[in-house]
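Below: the structure, in structure tokens.
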Amino acid sequence: MINYRRHRRAIERMYEDRATISRHTPEKDPVSKETKQVLQQVYEDEPCKLSQTGLPRNGQTEAQNDIRYDVKLFIAPELEIRQGDVIAVTRVATGQVEKFSAGKPFPPYSSHQEIYLTAKGWA
């Protein structure tokens with residue numbers, strides 16, 4: 001029989017980063033009566049681990065150099081993370097904050113969940 005609590009504790013010992021998860025939610029403007037999508041924080045300072053899945057891809061144009069790369073996020077299974085959520089990960093070792101867009105989550109394991117994230121930017 002598998003001891004899932006022990007397995008989860010072992011995985012969570014590797015969590016060295018912190019994640020803040022935000023989601024776009026509809027909000028009605030009281031003045032204009034229009035509904036707008038607002039980024040609302042749903043989780044804050046959650047322990048996690050980032051793992052690089054591939055090397056960054058560059059798309060050089062005359063105007064700019066587009067950068068795109070994918071990573072995998074390991075995080076607690078009870079958190080509800082949806083495709084399109086914005087995840088800001090603070091790297092504890094450096095203090096650097098990186099923002100990602102969540103892909104479609106794979107159904108969580110009993111010990112953790114793995115979510116592919118995409119970062120887009122330009123240099």
Express in nm, to one decimal, how much length is gained between residue 35 and residue 52 on full extension, taking 0.36 nm for each residue of separation and deducting their alpha carbon distance.
2.4 nm
Test of understanding: what is the full-extension gain from residue 86 to residue 6, defined as 0.36 nm times their sequence separation minus their Cα-Cα distance?
25.8 nm
Where in the stretch 1-36 are there trypsin sites (Lys or Arg not before Pro) that are in a DSSP coil and have at most 13 other Cβ atoms within 10 angstrom of their Cβ?
13, 33
Cross-link partners of residue 72 among lysines (Cα-Cα below 22 Å; sequence separation of 8 or more within a chain)
49, 99, 104, 120
Stretchable slack from residue 110 to residue 16, in nm (0.36 nm times residue separation minus alpha-carbon distance)
31.8 nm
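Every read-out reported here was derived from the displayed coordinates using simple, explicitly stated rules and does not represent laboratory data. This is a predicted model, so every value here is computed, not measured. In this analysis, Cβ positions are derived from the backbone assuming ideal geometry, glycine residues included, and neighbour counts consider all displayed protein chains.
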